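Quick notes on the structure that follows.
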Amino acid sequence: MRCISLWMATLVSAVWCESALAQSQIDQRGQRAFGACTPCHSLEPDRNMTGPSLANIWNRHAGSLQSFERYSDALKSSEVRWDDKSLDEWIKDPQRFIPGNHMTFQGVKDARARADLLAFLRKATQPGQAPQLAQQPGGMTGMMGGGRVPNLKKLGAEDRVQSISYCRDTYKVTTADGKTHDFWERNLRFKTDSGAEGPEKGAPAFLGAGMLGDRADVIFADPGEISGLIVARC
């Protein structure tokens, strides 16, 4: 009788371990799949990027997140409520599911990949459950897609702009550490971030945006700062 009990316990333990391993593999695949979404979507409440935050998305009406201002009319008028079925159809082919929306992503055609992604999101979008996804560093290697964008109020001297001069087709960006970086005018982009983690006024952020170090973003706290900082000087 004791042998049977031990055998049963061993069997139950083996089944549990196998099930836990399978779930872990699904979670890992789902999180890897979400890597394609991170350049546009956050899992943190009301932290909107190109697209809206996905926090608490289950049972939310499409186009209804109050903190997001860029929904398409097609999405807002769709009357879709996000659940397992609607999200699966959306991830499979956004334009076919809700024609005319602003989502440029072409969709995930593989059913298992969608199932893994949905399983990950079902957990990660719940209150307090967003995982700490890998964060790209700032400076000339940051902002190249994926991961959580850095807090622009906590950058080092090498990532804070001190001055910008413009001559013919070249911008010279001098950072607070005294170094100057030259950019062809088409390779330097000026942006704003008025959010809680945007740069301090008068201290624009300088973040790399090119694989070869030939492009960058200068991010201001307010649009009015842009022309005031750039000086035409050869």
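No lab work stands behind these numbers, since they all come straight from the coordinates. Everything quoted here is computed from the prediction, not taken from an experiment. So basically every Cβ, Gly included, is an ideal-geometry build from the backbone, and we count neighbours across all protein chains shown.
Which order do the peptides 104-111, 187-194 take when ranked by the mean count of other beta-carbon atoms within 10 Å per residue, highest first?
187-194, 104-111
Kindly rank 86-97, 71-82 from highest to lowest mean number of other beta carbons found within 10 Å of each residue.
Highest-to-lowest ranking by the protection proxy: 86-97, 71-82.
From the gyration tensor of the Cα coordinates in the stretch 37-137, what semi-axes in whole Å does the equivalent ellipsoid have, largest first, with each one equal to sqrt(5λ)?
Sorted largest first and rounded, they come to 20, 17, 14 Å.
I want to verify the translational diffusion coefficient of the stretch 139-232 in µm²/s; compute it with Stokes-Einstein, Rh as the Kirkwood radius over Cα pairs, at 20 °C and 1.002 mPa s.
It comes out at roughly 163 µm²/s.
By how many nm would the segment from residue 32 to residue 110 grow when fully extended, if each residue of separation counts as 0.36 nm and the alpha-carbon distance is taken off?
Stretched out fully, the residue 32 to residue 110 stretch lengthens by 26.6 nm.
With a 10 Å radius around each residue's Cβ, average the other Cβ atoms per peptide and rank 166-172, 51-57, 35-41, highest first.
51-57, 35-41, 166-172
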